[in-house]
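Down below is the structure, laid out as structure tokens.
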Amino acid sequence: MGKIILTGDRPTGNLHLGHYVGSLKTRIELQNQGDFDKYYIMIADTQALTDNAKNTDKVKNNLIQVAIDYISAGIDPEKVCVFIQSMVPELFEITGYFMNLVSLSRLQRNPTIKDEIKQRKFEKSIPIGFLNYPVSQAADILAFNANLIPVGEDQLPMIEQTREIAHTFNNTYGELFGNVEALLPKKKICARLPGLDGKLKMSKSLGNCIYLCDDEKTVREKIMSAYTDPNHIKISDPGQIEGNIVFSYLDAFCEEKHFAKFLPQYKNLDELKEHYQRGGLGDVKVKLFLNDIVQELLTPIREKRKELEKDIDSVYEILFKNSQKAREVAQKTISKMKNLIGINYANFLKK
Ligand code: ATP
Ligand code: MG
């Protein structure tokens, strides 16, 4: 079997820099290398509803925003099947069969789910759909027999769960699903980019993000107010790099070419860090450098976004057309699953 890529995002907000370095950048590279048989990107609206059941406007409004973010950042929907999860109802059907193969305690042990339950204050009353979303995510992946999943680190437990479900299905009913591999970004910091508050990961639900669609002024303001080293008060004070968000973002985004362009007094990031640690380098200078790098990345994305916003209908049309194509693939998988489970009753007809 060839390379089948699948990945996606929840339409709970615009895409942010965490998405960009965690997954979107890799997705665009994979697309441009062209070394794949099939490539799907799913906008996970039904998954977003699992913790936004009463907040449907958020999901509805952000669906098109996420699609625009993809295309603005460089995803080409002619090459990649970008589709809407709820328009492929077969994914629910597959989830139903998989739910019989997973125990409640296994879901409760999933470390990402545990964190997210705490963040959402679901401890006392967890929506079943939410607890079950790793199973539905396994269905999303296995419906297309995808084997390469570009994701951030928080998704590793979901990929592990998907592997287990595939394995249990194959052992119980017969061989159908292949191996599934996560593809993490090369730099460790990119696999879990921290939020502007310096605490948890950058996440739409935590409101600590720089969004791809933020205008120039907003990006600058966010960077200028980012968390650094609280003990670095005077420029001459030695500064800490660890836990300093501005340096974390430089680790994620900065390349040597940026020094030549924006800060030629330094050769590379090591030199800049060394000066900061020694004392004598102010936060403002480092923040302005980061701002230059981020603005350079976001300017073309903002421009493309403006164009797409003029013709939203054509973006919806692409999504609808692709969702139909995705549906056909998922239907074939269900038919194979039913054959193996032994409930494809059409096969029982004598004539
Ligand atoms: P929500 O808060 O609604 O869960 P989110 O910001 O976590 O939203 P998702 O849609 O859940 O975003 O994640 C989509 C993809 O982006 C996943 O592959 C995830 O691993 C990756 N991702 C999300 N946040 C980060 C981050 N801060 N660093 C690296 N990757 C990230
Ligand atoms: Mg998330």
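The table below gives the values:
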| read-out | value |
| --- | --- |
| Of all residues in the range 258-315 being assigned to a helix (DSSP H, G or I) and of a type in the set (Ser, Thr, Tyr), the one that is least open to solvent (accessible area, probe 1.4 Å) | 276 |
| Test: residue in the range 139-155 that is more than 15 Å from ligand 1 (Cβ to nearest atom), on the phi > 0 side of the Ramachandran plot and in contact with a strand residue (DSSP E or B) (Cβ under 7 Å, 6 or more places away or on another chain) | yes |
| Among (1) more than 15 Å from ligand 1 (Cβ to nearest atom); (2) in contact with a Lys or Arg (Cβ under 8 Å, 6 or more places away or on another chain) - the single one residue 208 does not satisfy | (1) |
| Which numbered condition residue 135 misses (of (1) away from ligand 2 (no atom under 15 Å from the Cβ); (2) within 15 Å of the chain's Cα centre (by Cα); (3) β-branched (Val, Ile, Thr)) | (2) |
| Test: residue in the range 217-238 that is away from ligand 2 (no atom under 16 Å from the Cβ), in contact with a Pro (Cβ under 8 Å, 6 or more places away or on another chain) and open to solvent by 20 Å² or more (accessible area, probe 1.4 Å) | no |
| Filter result for residue 127 (open to solvent by 40 Å² or more (accessible area, probe 1.4 Å) and within 18 Å of residue 92 (Cβ to Cβ)) | yes |
| Pairs, first over 16 Å from residue 155 (Cα atoms) in the range 189-205, second within 13 Å of ligand 2 (Cβ to nearest atom) and among the hydroxyl-bearing types (Ser, Thr, Tyr), C-beta under 7 Å, six or more apart | 195/203 |
| Where a residue in the range 103-120 is without any contact (Cβ under 8 Å) to a residue 60 or more places away in the chain and within 14 Å of ligand 1 (Cβ to nearest atom) and its partner, wherever it lies, is hydroxyl-bearing (Ser, Thr, Tyr) and open to solvent by less than 70 Å² (accessible area, probe 1.4 Å), with Cβ under 8 Å and at least six apart | 113/133 |
| Residue within the range 128-140 that is part of a helix (DSSP H, G or I), in contact with a Ser or Thr (Cβ under 8 Å, 6 or more places away or on another chain) and among the aromatic types (Phe, Trp, Tyr) present | yes |
| Residue within the range 60-72 that is surrounded by fewer than 14 Cβ atoms within 10 Å (Cβ to Cβ) and closer than 26 Å to residue 187 by Cβ present | no |
| Residue 201 vs. criteria within 16 Å of ligand 2 (Cβ to nearest atom), in contact with an Asp or Glu (Cβ under 8 Å, 6 or more places away or on another chain), open to solvent by 30 Å² or more (accessible area, probe 1.4 Å) and not β-branched (Val, Ile, Thr) | yes |
| Residue list for the range 1-53, restricted to those being more than 15 Å from ligand 2 (Cβ to nearest atom), basic (Lys, Arg), open to solvent by 30 Å² or more (accessible area, probe 1.4 Å) and within 25 Å of residue 91 (Cα to Cα) | 3, 38 |
| Any hit, the range 61-73, residues being closer than 28 Å to residue 331 by Cα and over 19 Å from the mean Cα position of the chain (by Cα) | no |
| Matching strands (runs of 3 or more DSSP E) fully within the range 1-95 where at least 1 residues are within 12 Å of ligand 1 (Cβ to nearest atom) and in contact with a His (Cβ under 7 Å, 6 or more places away or on another chain) | 4-9 |
| Answer from 157, 150 - the residue that is surrounded by 21 or more Cβ atoms within 10 Å (Cβ to Cβ), within 16 Å of ligand 2 (Cβ to nearest atom) and not aliphatic (A, V, I, L, M) | 150 |
| The range 151-188, residues that are closer than 25 Å to residue 250 by Cα and in a helix (DSSP H, G or I) | 153, 154, 155, 156, 188 |
| Subset of the range 242-257 [without any contact (Cβ under 8 Å) to a residue 12 or more places away in the chain and either assigned to a helix (DSSP H, G or I) or among the hydrophobic types (A, V, I, L, M, F, W, C) (or both)] | 257 |
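The values are calculated or read from the model by the stated rules, or taken from the named source; none is laboratory data. As the structure is a computational prediction, the values presented were derived from the model and not from experiment. Because the Cβ atoms are built from the backbone with ideal geometry, glycine has one as well, and the counts that use them run over all protein chains shown. Ligands, DNA and RNA are stripped out before the accessible areas are found, and what is left, the full protein with its side chains, is counted by its heavy atoms. Shrake-Rupley method; radii C 1.70, N 1.55, O 1.52, S 1.80 Å.
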